[in-house]
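These notes are about the structure you will find just below.
Readers should treat all values here as calculations from the given coordinates under stated rules, not as data from a laboratory. What you are looking at is a predicted structure, and each value in this text was computed from that prediction instead of being measured. Backbone-built Cβ (ideal geometry, glycine too); neighbour counts: all protein chains shown.
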Amino acid sequence: MANNNYPQEAMHRIAYTKLTERQILEKLAAAADGPRSASVLSDVFAGESLRIVTDDGPVLDYRFDGESRLSLAENDGAAVEAGYGALTLGPVALLSHMIPGTQRGYNVIVDRSTRLATVFEVWFSGFEDNREVQREIYYGYVDEAGSEPPPARHTLTNRIEGKGYYWRQDNGIETLEFYPSVIYSNFVELTRFGGELSFCGPSDYIRTDDQRYVYSRVEAEFSGVMTLYVLDVNRVEQAGVRLGFDENDALEYYLFRGTGEALGQLARFEPFGDVGETLALGDRTLPDRKGGRLVYRPLRTNPILTREEVDEAVARNRDVFAEDSAMAGNKLPVSDYLVGKTLTLRYDNGETIDYRFDGVHALRWRRAGDARWQEERYEAWESAPGVVMFAHLLTGAPDHDTHIVVADFEHALASCIHGTMGTPYIGNEAAAETLFGVIEMDGLTPPKYRRHQFTDELVGRALTWNYSPGLTSMHLYSTPHSLSWIIFLENGSGGMEWSGPASYVKIRDGIYLAYWLEEACNGTLGTILVNTHTMHDCGVGYHCGPDGLRLSAIGAHSRNAGRLDITKYYGAKV
Amino acid sequence: MKTEDVTTRRRFFRAAGAALSAPLALASPAAGTEDGEALKARLQHFEDVHAIGELNRRYAQLVNGRARANSGQLFAEPSQPGVDERIRGVTADDFARQDVIVLGDDGHTATARIHCTVRIETPIEASSSLVEMARQQGGGMIRRYEEGVFEGVYVRRSGIWKIKSMTYRSA
C-alpha cells in the first residue's frame, strides 16, 4: 500500500549523527565526479575558460573540459581537477563542484548577459556540527580580456520577500517554500516528510535582475543540508543544487530543475524605497568569521530540564498570572464575565470539570464526582460578546497540567487546550491536546451534536502581532499542523523565524483558537484566541524553566499581512 | 558642498587667519603688556571652550556609533562610567545654541550643560522565544526619545581637557 512518506520521527526530533571530519571526507569522495542530476546537464561552459574576480574574495580561474570536468586555480595557485555540473535558467548559469580531497566546493552563479557573478563558497566542518554546510558569498564578475569590469554587482534583496512557491523538482521532490523574511525561510517537505510541518532555516536572497533571484537555505539545527537555486519569478522555474547529508547520513549532492506555482504575496513592512541591499541588524553585527550569519539555535540557548528537575522547579515556584510580561503589553482587559457563575464543562473525551468563579482571579474546580474543590488563580478575557477565554493550573495533576478554555456562552460550547509539562524528549517541553465539549449551566441548553471544530481557515494567512512597544512578530499559519513566528528587523524586514506544531479551532466566524508548541525550542505552549473582527487576541503562555512554572497572559494587536494559497497542498490525496 | 567650495573656504579661512594674525602681529604690544595678556587670555578661553565642545561631540559620536566602550580615553579616569547605558543615541538640540560651557578661574576646570535629545533603549525582560530571537538580531529593546541635559565636569591635565564626570537628567 502506498505510503505518504510520513517519517518515523519529525525533522526536529531526528538525532542527526554528529559526523566526524573523517566521515565527511570519506562520504565526499563520491562528489569528486560532480553532482548527479535527473536533468541533462548544460554544456554552456564546455571547452570554455572562465575567470571570475570577486570583491574581497577569491579569483577563480576555470577551464572546462566538456560538461562534466573542470580544472580550477584559486587565486592564481595550482590548478585542481574536479567533476562539475551546470544548469542554465535563461542567461543565468549555475555551476557546482566540490574540490576533491577537501570538504570545500563552489556554487557559482554567472549571468552571461551582464558578466556578473555570485560565488557561494561552501564547506563542511566549519561549525560545532560538522555536517552543517557553511557558506560565504562573494559578489563579482567574469573577467574578459580587453573589457572593463562591470561596475554593478548582484546584491542582497528584499524584492522577493513575502512570496511563496510550490516547487516540483525533476526528481519528483515536492516542497512548499515561503520567504517571509530576508534572512530566513520556511520550507514544507511534501515528499520527504509528508507535509505535516513547516521548518525554518537561515537563508540568503540575492537579486541578479528583476526576473531572476538566487535563494539558498541551510537546514541548520536539522540535517545541515544546503538547498540553493536560481529562480525565475516570471516563469516560476528553478535551477539548483542540493548538498549535504540526509537523515541516514547519505550524501545528497545533485543538481535539479524545477517548475512551480506562485502561491501569493505576504505584506512587507520596510519603508518604501528600501530594497534590502543591506541587513538592518541594529546593535548586532554578523559573527566575525568566514560564513558568519545569524542562526537561531534554540536548543543551545534554552535550558533543558529533566522530569525531576521540572518537579523541583515547580515545587519552588509557580507563577500564575502574577505580572504581565512583554507578551501582554496590549492584552485585553481582564474580564469579570465569569464572576459569580457556577457551571460544568463536559468534554467529549469523558472529562467533566465543575467550576465556581469566586472572583476576577479566584475560581474553584473539581472533577465531577469529587467532593473536594481546588482553588486556583485564573484570568479571563472576553474576546467577543459571550466568548470568554480563561486559564488555570490543575493543582495536584501529575504533569503540572493546565486547562486553557474558550467558552462560548451564546452556543454553550467549550473547547479546551489541555497542556501538560513533559514529553518523551524533554522534561520542560509542553504537550497539548484539544478537548471539545459543552457548557452546562443554569439557563443554557447545550447542543447535542454541534461542537467547535478544527479548521484550515487560517492556513496560509499571515498576521502581525504587536505585543508591546518594541516587540512585534508575524505569524504565518504555515500548515494545518504548524505555525511559524517571524521577528522583524529594525527596518521592518522579516528576520529570524521558527516554527512549531500547532492546531486551529474555529470558535465562530472569524474567531479562532490556535495553539503552538515550541518543541525542540524553549518548550512553551502558546495559545491565542484570534479575533479577526477586532484584530486583537487574548491568550496564555505555559512554560517551565529553572525558575519555575509560569502561566502568563498574552495580548497583542494584529494587522493583516496577507495570505498564501496553500490549503490545497495539504489535503489527503486520492 | 563641492570639493571646490571646500577648498575655496579653506583658502578663505587660512587667509582670514593670516589676516587676523597680521594685525595682531602688527598691533600686538610687546609681550607682557596689559593688552597682550588680555588677548592671550581671550584666545585661550575660546580654545578651551572649543576643546571642551569637541570633547563632548566626540563622546556623543562614540555613543551614537555604538562604540561607548572606547569612551574611556575621553575621561580623566578611564574607568569612570559615562551616562546611563540605556542612552544609545544623542542629538544636540537647537544647534547647541543653548549649551553653556563655564571655565573655572583656575584655567584647569570647567563645567558644561548640553541640551539634547536622547534615544533610550531598555531591554525587554521576558523569557519568550520571541524576545530571544529579537535580541539575537539586534532588537529586543523598547525605544523612546526624550529631551534632557548632559552635565559635564572637566579637568585639564597636561594641557589636554578630559571629562571628569558626565551625568544626564531628563528635562
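Once you've got the Cα coordinates, tell me which of A:448/A:568; A:331/A:568; A:163/A:568 are over 23 Å apart.
Long pairs (Cα-Cα over 23 Å): A:448/A:568; A:331/A:568.
At a 10 Å Cβ-Cβ cut-off, how would you order A:173, A:554, fewest neighbours first?
So the residues, fewest neighbours to most, are A:173, A:554.
With r as the distance between the Cβ atoms of residue B:143 and residue A:22 and R0 = 30 Å, compute the FRET efficiency 1/(1 + (r/R0)^6) and round to 0.05. Don't jump to the answer; show the numbers that get you there.
Working: r = 50 Å, r/R0 = 1.65.
Approximately 0.05, to the nearest 0.05.
Check each of the trypsin sites (Lys or Arg not before Pro) in region A:157-263 and keep only those in coil by DSSP with at most 14 other C-beta atoms within 10 angstrom; list them in order.
A:235
Along the three principal axes, how long is region A:146-201 when you take its alpha carbons, biggest first, rounded to the nearest angstrom?
Extents along the principal axes, in whole Å: 53, 26, 16.
Could you work out the equivalent-ellipsoid semi-axes for region A:1-145, taking the square root of 5 times each eigenvalue of the Cα gyration tensor, largest first, in whole Å? Mind dumping the intermediate values first?
On the way: eigenvalues 178, 73, 47 Å².
Semi-axes, largest first: 30, 19, 15 Å.
Whose amide H sits under 5 Å from the amide H of residue A:554, counting only residues 5 or more places off or on another chain, with H placed in the peptide plane?
Distant-sequence amide H within range of residue A:554: A:539, A:540, A:541.
Tell me the mean residue ellipticity at 222 nm calculated for the protein assembly as shown from its helices only (DSSP H runs of n ≥ 4, each -39500 (n - 2.57), averaged over every residue, nearest 500).
Using -39500 (n - 2.57) per qualifying helix, the result is -3500 deg cm²/dmol.
Which whole-Hz ³J(HN,Hα) couplings does region A:245-257 yield from phi under the Karplus relation 6.51 cos²θ - 1.76 cosθ + 1.60, θ = phi - 60°, glycine and proline marked x?
Using θ = phi - 60°, the values come out as 10, 7, 5, 9, 6, 7, 5, 10, 8, 8, 8, 8, 9 Hz.
Tell me the trypsin sites (Lys or Arg not before Pro) within region A:412-475 that lie in a loop according to DSSP and have at most 12 other beta-carbon atoms within 10 Å. The partial results should precede the final answer.
Details: sites: A:448, A:450, A:451, A:461; in loops: A:448, A:450, A:451.
Counting only loop positions with at most 12 other Cβ atoms within 10 Å, the trypsin sites (Lys or Arg not before Pro) in region A:412-475 are A:448, A:450.
Mind checking which aspartates and glutamates have their Cα closer than 18 Å to the Cα of residue A:18? Skip sequence neighbours fewer than 8 apart in that chain.
A:9, A:26, A:128, A:129, A:132, A:219, A:221, A:246, A:247, A:249, A:252
Which of A:18, A:331 comes first, and how do the rest follow, when ranked by fewest Cβ neighbours within 10 Å? The partial results should precede the final answer.
Details: A:18 10, A:331 22.
In increasing order of surrounding Cβ atoms, one gets A:18, A:331.
By counting other Cβ atoms within 10 Å of each Cβ, how are A:524, A:464 ranked from fewest to most?
The order, fewest Cβ neighbours first, is A:464, A:524.
Please list the non-local residues whose amide H lies under 5 Å from the amide H of residue A:265, H modeled 1.01 Å from N, same-chain partners needing a gap of 5 or more.
Amide H neighbours of residue A:265: A:563.
Relative contact order for region A:98-161: what is it in percent, counting Cα pairs under 8 Å that are at least 6 residues apart?
Numbers: 101 pairs, mean separation 16.6, N = 64.
In percent, rounded to a whole number, it is 26.
Grab the Cα-Cα distance for residue A:113 and residue A:297, subtract it from 0.36 nm times how many residues apart they are, and report the gain in nm with one decimal.
Full-extension gain reported as 62.3 nm.
Using 7 Å Cα-to-Cβ label points, what is the residue A:425/residue B:106 separation (nm, one decimal)?
6.7
If I model a spin label at residue A:367 and residue A:399 as a point 7 Å from the Cα along the Cα→Cβ vector, what separation in nanometres do I get?
About 1.4 nm separates the two model spin labels.
Hey, with R₀ at 30 Å, roughly what FRET efficiency would residue A:384 and residue A:568 work out to, going by the Cβ-Cβ distance, to 0.05? Walk me through the numbers before you get to the answer.
Numbers: r = 30 Å, r/R0 = 0.99.
It comes to 0.50.
Please compute the contact order of region A:169-311 in relative form: average sequence separation of alpha-carbon pairs under 8 Å and at least six residues apart, divided by the residue count, as a percent. Please report the intermediate quantities before stating the final value.
Details: 210 pairs, mean separation 20.1, N = 143.
Rounded, it is 14 percent for region A:169-311.
Given Cα pairs under 8 Å that are at least 6 residues apart, what percent is the relative contact order of chain A?
Relative contact order comes out at 12 percent.
Kirkwood Rh, the protein assembly as shown, all Cα pairs: how many Å?
For the protein assembly as shown, inverting the mean 1/r across all distinct Cα pairs yields 30.0 Å.
Based only on Cα atoms, what Rg/Rh ratio does region A:12-55 have, Rh being taken as Kirkwood's radius?
Looking at region A:12-55, the ratio lands at 1.16.
Counting only other chains, and only Cβ atoms inside 10 Å, what mean value do you get across the residues of A:289-295?
Whole-number average of other-chain Cβ neighbours for A:289-295 is 1.
Can you tell me the dipole magnitude for region A:411-516 around its Cα centre, using point charges on the Cβ only (Lys, Arg +1; Asp, Glu -1), in Debye to the nearest 20?
300
About the Cα centre, and with charges only on the beta carbon of Lys, Arg (+1) and Asp, Glu (-1), how big is the dipole of region A:13-112? Nearest 20 debye, please.
So the dipole magnitude of region A:13-112 works out to roughly 560 debye.
Could you state the number of Å between the C-alpha centres of region A:350-394 and region A:271-316?
Spelled out, the Cα-based centre of one part sits 36 Å from the other.
Quick one: length gained pulling residue A:40 to residue A:448 fully straight, 0.36 nm per residue minus the C-alpha distance?
Result for the pair: 140.7 nm of gain on full extension.
Once phi is turned into ³J(HN,Hα) by the Karplus curve 6.51 cos²θ - 1.76 cosθ + 1.60 with θ = phi - 60°, what whole-Hz value does each residue of region A:497-508 show in order, with x for glycine and proline?
Working through the residues one at a time gives 8, 8, 8, x, x, 7, 8, 9, 10, 8, 8, 9 Hz.
If you take the beta carbon distance between residue B:170 and residue A:306 as r and set R0 to 41 Å, what does 1/(1 + (r/R0)^6) give as a FRET efficiency, to the nearest 0.05?
0.30
When a/c is below 1.5 the answer is rounded, else prolate if a/b is larger than b/c, else oblate, so apply that to region A:253-377 with a ≥ b ≥ c taken from the square roots of the Cα gyration tensor eigenvalues.
Prolate, because a/c is 1.5 or more and a/b exceeds b/c.
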